[in-house]
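Below is one structure, written out as structure tokens, with a few remarks after it.
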Amino acid sequence: MSRREELEAVIELCRAAAEGEIDPFTVDVDYVLSVIRKHYGEAESIEELCLDASALKGLALVLERQSRWIRHQSTTLYRDPFLLTRRLMEMDVRAIAEAFMKSWHPIIELEQATADTLINALKYWEGLLPLEERLKDLEVEERGVEPLSREEAEALGIIAPGGFEEALREMWRDLRERGSVDYWDWIGCESYEETLRRAFLTSYLVSYGYAALEMDRYGEHLILKPLERPGEQEGEKRSLPVLIDEEEWERWRRERMGEN
Amino acid sequence: MAKRAYGRKLKQAVHLLFFKHHRLPGVRGWELRRALGPEWLDVLEVLDSRLKPLDLEVRRVFEETGEDRPEEARYYITLRGGVEQRTAKTLGWRIDDIAGLAVAVAYIAARGGKAPRSDVERALGEKLPGWRVRANLERYIEEGYLEDEEGILTLGWRGRAEIDVDSLLERIMRSKASGEKLAEEGG
């Protein structure tokens, strides 16, 4: 094993223990120290020095976790309800309050408006029509009732060109050709309006069982999977709200431009 | 360049942690990770060291017993040290309000994290008048220090975030009773 590999293995072991993936007491501290000591002073670049530092930091975190566990276990001795009640009875109010205040760490929080929220609020205020104009009666022109043709409804954006079902079928075909895809990469388009249209249609694809939407544990990634037969996915169905706001769309677009 | 990016992340972490974004204060680990990127724990560590001289700290609180994944914890900015009696007064707490809270928390903690409300009331009633016991318990619940679920009291979100229960129990058990103190002082 090279120096780098050995140190990386040690760092990974310490990381797993520090993050609770493994019991911190399974880490052989002497072994980790011997690896660090063996390679200490061999570093020839900043990157290698950082590797040494990371290994030391990882070991420190493991020790911290071990000590936290021991401290917690030792205080279970103090958890005898009978002894504690007796002790509380013996103490006066001031002594109890003093003990509490030394173990009390109040939360610091602020509720003030920030400069950003003030700027946004001002922008909103500027764009807001005066109440007089907003409450003005709508000017209505009386017209006879006439049927709307498909072309006219399409031109007004009331129905999707070619019909809603055709648009859904087209989208399903496209999705099956592409296979599983990141949700934002699927709905995202050059214009926000088109992105919204695709998100709207996609929600029907999922609701009707033509595709499945899966989210990772932390809600960071949504994956859209095509289903060969509608409703073939088993398991409990649940509602999954996805916010498609302009800011989120802008972020996706910037990231995509950064990639290209 | 990297230094500047780190500085920006620190600022972002300050905004997230100091300002209230949800109904309750504090930010979930996964929210911080999403906002600060994969180095979010390092950013919090740097922020914590910057807050140290101000007697503040970044505090990690796991909401469920046995949970120890950093992403699942809630993070707060809290006072690093304890509270002085003078400060407690300005926070609107009387000394017997504080002592009452200490007794309730210790009582619950010593009984595995939950206790019947009537038992806690009885314990508080040893040193406080009945009307005050009820009023105080309501206040502790309203402020999030305790939770009452069908007559069973547990620690509330604020209690878990602000009170170091292990340290409280240790201090109570190690504290000298008034009689012992007087004897020592007399001797």
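The values are calculated or read from the model by the stated rules, or taken from the named source; none is laboratory data. Not measured: the values here are computed from a predicted model. Cβ coordinates were reconstructed from backbone atoms using ideal geometry, including for glycine residues, and neighbour counts include every protein chain displayed.
The table that follows gives values for the structure above.
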| item | result |
| --- | --- |
| Residue within the range B:60-71 that is within 30 Å of B:Pro129 (Cα to Cα), in a helix (DSSP H, G or I) and modelled with pLDDT under 90 present | no |
| Test: residue in the range A:17-38 that is within 14 Å of another protein chain (Cβ to nearest Cβ), under 30 Å from B:Arg60 (Cα atoms), under 27 Å from the mean Cα position of the chain (by Cα) and part of a helix (DSSP H, G or I) | yes |
| Matching residues in the range B:153-171 - criterion: being closer than 21 Å to B:Arg122 by Cβ and at the interface with chain A (Cβ under 7 Å from one of its Cβ atoms) | B:Leu168, B:Leu169 |
| All positions within the range B:4-44 that are assigned to a helix (DSSP H, G or I), β-branched (Val, Ile, Thr) and closer than 17 Å to A:Leu110 by Cβ | B:Val14 |
| Residue that is farthest from B:Ala135 (Cα to Cα), among those in the range B:92-108 that are at the interface with another protein chain (Cβ under 7 Å from one of its Cβ atoms) and not charged (D, E, K, R) | B:Ala106 |
| Matching entry among A:Arg4, A:Arg65 (being modelled with pLDDT under 90, basic (Lys, Arg) and under 28 Å from the mean Cα position of the chain (by Cα)) | A:Arg65 |
| Sole residue being within 12 Å of another protein chain (Cβ to nearest Cβ), among the charged types (D, E, K, R), touching a strand residue (DSSP E or B) at 6+ places or on another chain (Cβ under 8 Å) and over 20 Å from A:Ala99 (Cα atoms), chosen from B:Arg80, B:Arg117, B:Arg69, B:Arg74 | B:Arg74 |
| Subset tally (residues that are in contact with a helix residue (DSSP H, G or I) (Cβ under 8 Å, 6 or more places away or on another chain) and not in a loop (DSSP other than H, G, I, E, B)) for the range A:39-56 | 7 |
| Verdict on B:Ile77 being at pLDDT 90 or above, crowded, with 16+ Cβ neighbours inside 10 Å, farther than 29 Å from A:Arg87 by Cβ and β-branched (Val, Ile, Thr) | yes |
| Checking A:Val29 against (1) within 18 Å of A:Met1 (Cβ to Cβ); (2) surrounded by 11 or more Cβ atoms within 10 Å (Cβ to Cβ), the condition it does not meet | (1) |
| Count of residues meeting criterion [small (Gly, Ala, Ser) and either more than 9 Å from chain B (Cβ to nearest Cβ) or loosely packed, with under 14 Cβ neighbours inside 10 Å (or both)] in the range A:60-106 | 3 |
| Hits in the range B:20-35 (condition: under 20 Å from B:Glu143 (Cβ atoms) and without any contact (Cβ under 8 Å) to a residue 12 or more places away in the chain) | B:Lys20, B:His21, B:His22, B:Arg23 |
| Per-region count, the range B:17-60, residues facing chain A (nearest Cβ under 10 Å), of a type in the set (A, V, I, L, M) and surrounded by fewer than 16 Cβ atoms within 10 Å (Cβ to Cβ) | 2 |
| Scope the range B:120-130; condition more than 14 Å from B:Gly159 (Cβ to Cβ) and either touching a residue at least 24 places away in the same chain (Cβ under 8 Å) or more than 9 Å from chain A (Cβ to nearest Cβ) (or both); matching residues | B:Glu121, B:Arg122, B:Leu124, B:Gly125, B:Lys127, B:Leu128, B:Pro129, B:Gly130 |
